[in-house]
Every structure is written in C-alpha cells, then in structure tokens.
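Okay, structure first, notes after.
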C-alpha cells in the first residue's frame, strides 16, 4: 500500500518522463530504507512474533531490492548523463522486455503451494533439483533471449513504441537476457520463501544490487549501455546467489545426495522448462489443428504405468477419433499376446490404424503429440529419458515385475532411438532392460542427442537398428529371463 500511495502521489504531481519514473521507483526505495528496520515494539518479546516479523521484513526487503534492480535502469541512465532521447530508448526497451514477466508473476501463485508442500514433507533433494533446474534453464534460455533481443529487439520496440525508441542490438541483447535471469530468480526465490528462509533471499538480492552498482563504475561512455549492463550483471548475480542460497544445507541436515538421481532430476527440470518454452507455440498450433480436423478435445489424459508399477495420468495431444468402439485395440492386444506366446515378430505399432486422424498422423510422425509429456516430467511422474510409459494392458503383458518399472518412464529412451514403434515387444523389452542396467548421466545425454536425429533427421518409424553406444553383452541373458 505504501508503494502504491507513493507512486500515485508522484504520478499526479510530476509532468516529465523522468519524474514519472521516479514515482515508479521511489516507493520501492523507501521500503528498502525503512521497512526491514522498523521498530517491532513490545510484541518483540514473543519469539514467534519476532520470527514472523523478521520473515516479513526479509520478504519485503528482498522484494523491494528486486524491484529496484528491475525498474531503476532508466533513472540510472539519466543520472549518468543520458539525453532525453537516450532516456526514452532505455525506458521503452525495458518496458517491452519486461512484459513477459507478467506471466511469471501470475505463475507464482500456482507454483508456491507446490514448493511449500515439498518443504513441509522434507523433500529437500527435490527442492534442490528445482533450484538447479530453474537456474540452468534460465542460463540456457538467456542465450536465446540475447540472440532474439539482438535481432528482433530493435524491430519489436520500434513497432510497439515508435521508430525513435529503437535500441541498439547490444542493448536489446542485454535487456532480453536480463529479463530471463529476472524470471529465473523470481521462481528460485519462491523455494526460499517456501522454506521460510527470507534472510538468504534478502542477502542474495542485496548482493545483486551491490554487483549492479559496482558495474556502474565500468568506464563505458554510453549511459544506456552502462545502465543496461548494470541490470544484466545484477540479475545474473541474483540468479546465481539465489541458486547458491537454495542449495546450502539446512540447519540440522546431515547428508546431501549429489549422485546420478539428483543430476538426472535437475536435468529433467531444466530440459523440460527449456523445451516447453521453445515448443509451446508448436503445441498451440497443433492443438488448433486437432480441433479443426476432428471433433473432441485437443488434449487428453490416459492412465499409464510408471515407476514401481504405479499408475499415473499422462497428458498428450489427441491423435485419434473419439468415437472408437475399442475393437481395434482389443484385436491388437490379442495379436501381441499371440506374438509373445508363439515368438512371432509382431510390432507394437498398429499398422494403418483406422483410429488415427489426418492431423494425428502428422503429429505422430514428428512426435509432436508427446510434447505435453513435458508437464509430466516437471511434475516428476516421468523423466526426459527412460522406458516409454505403457498402458495398463501392455504393462501386464510385459509383467509388472519387469525391471523397466524400476525407473521413471521417459519422454524418450533406448527403444525410441532403436526403432520406436516398429519394434517387436520382446525387442523393446530388451532395450528397456538394457537401459535400466546401464543407466548413467552420460547415457542419458547420448540418448537425448540420438533422439534429435531420430525425430528430425529420420522422422516417423525408423526400423529396427542397434544403438551403438550401449553394451549388448547381457542381451542373451535378458532373452532367457
């Protein structure tokens, strides 16, 4: 309320762009200077009240510091001697660049309860995986944002704000990367909020402010470049500081696992975030195409069998007609059972499946229908790499005690790069069990790289071929089992 009151009063009493910017930032600066050190009065005798007030003070301080860092660049440029034109350029550029953060602020309300639940149940390793995943994803996305800002930034700002406000490519690149770092820091900060660690949160943001201020002493003549560079350094420092704060062991914590499971989960989160950001427009276009092509919803949920034979709901883009009577699939299951009993080479794919729509066939060829599985990866019911999740009936054919159920199912796996749905069910089982036996972070990376070739270089079913980066010496034993 204090920030709003100060901003409103300032906006009503000034008539310049610089004055309006001061009205925007002044409330934040007042809170930074006053709120954390406010007298707590007699209630401070209570330990609980003391903790609550320090919690609130830390949250207010960190929020104010983060907003000051994000909003103050135009004023900084002005103090560095920027002309009215230069001031307008940095103001318009950052105004456009910050627009996507509105979505981030809205997502906080959805993600904070999940982090709070993890903290309450002691899921420290999962929270650390999220911190690493968000941090690494932010760094990767920042590279893309910098490239987009350099190429498209001047054009977008020129179209939306006017040709006189177009920034240089360098300023556009720094602004794009800064906003991505700011978004990543926003979400990692929620982990510290969920763990009730406002001191760490505040220290990270105050350190970021100090780094941003120190950058202003770099001898760069252009005030717009210097102010934008200060923002970039500050937001990057905040992101790294928040990651470190989230990864520091908690009081009384004895052991922290840094093994394959932690690395894999961190990669899952980072990879899923990056892929969702990149493929969201593709999913949106695919969903519209599905709706136009046939009646029914664009997305559907289906029960699949995951780790420890536990069932979960998997999300996909619909590729089939919704009025199927089930006879095609029942016939397919009977053939699968017969192929297992008689050792007949029958693929797990239904040839010329009449249930598949025209658009669905295209989506399957490029595996676009599986992109919503990324939400399952974020949720933790799936991984980027692992045996593909089976429907209940196929899982029972394989056997719920099969080793493939010792790990999370994956978006892609050894069987997918070894033939996809053209494989015989026994061959798929061999590849799945080979993955379980040989799984490692290095193997996961090789499978992900091979998946790119399978999907983009050789789309569709690529036949039965042997992955060259795994040990096949135990395959005969798997067949006998």
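Here, each number is a calculation from the coordinates, and none is a lab measurement. Predicted, not measured: the structure shown is a model, and the values here were computed from it. Using ideal geometry, Cβ is built from the backbone for each residue, glycine included, and neighbour counts are taken over all protein chains shown.
Key figures
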item: Segment 77-195 shape via C-alpha gyration tensor axes, a/c threshold 1.5; result: prolate
item: Cβ-derived FRET efficiency at R0 60 Å, residue 221 paired with residue 278, nearest 0.05; result: 0.95
item: Point-to-point label distance, residue 84-residue 301, nm (Cα→Cβ direction, 7 Å offset); result: 5.8 nm
item: Per-pair calculated FRET efficiency, R0 = 41 Å: residue 159 and residue 331 via Cβ, rounded to 0.05; result: 0.15
item: Computed E for residue 322/residue 379 - FRET, C-beta separation, R0 30 angstrom, nearest 0.05; result: 0.75
item: Computed label-point distance, nm, for sites residue 437 and residue 109 using a 7 Å Cα→Cβ extension; result: 5.3 nm
item: Label-point separation, residue 214 to residue 401 (7 Å along Cα→Cβ), nm; result: 6.1 nm
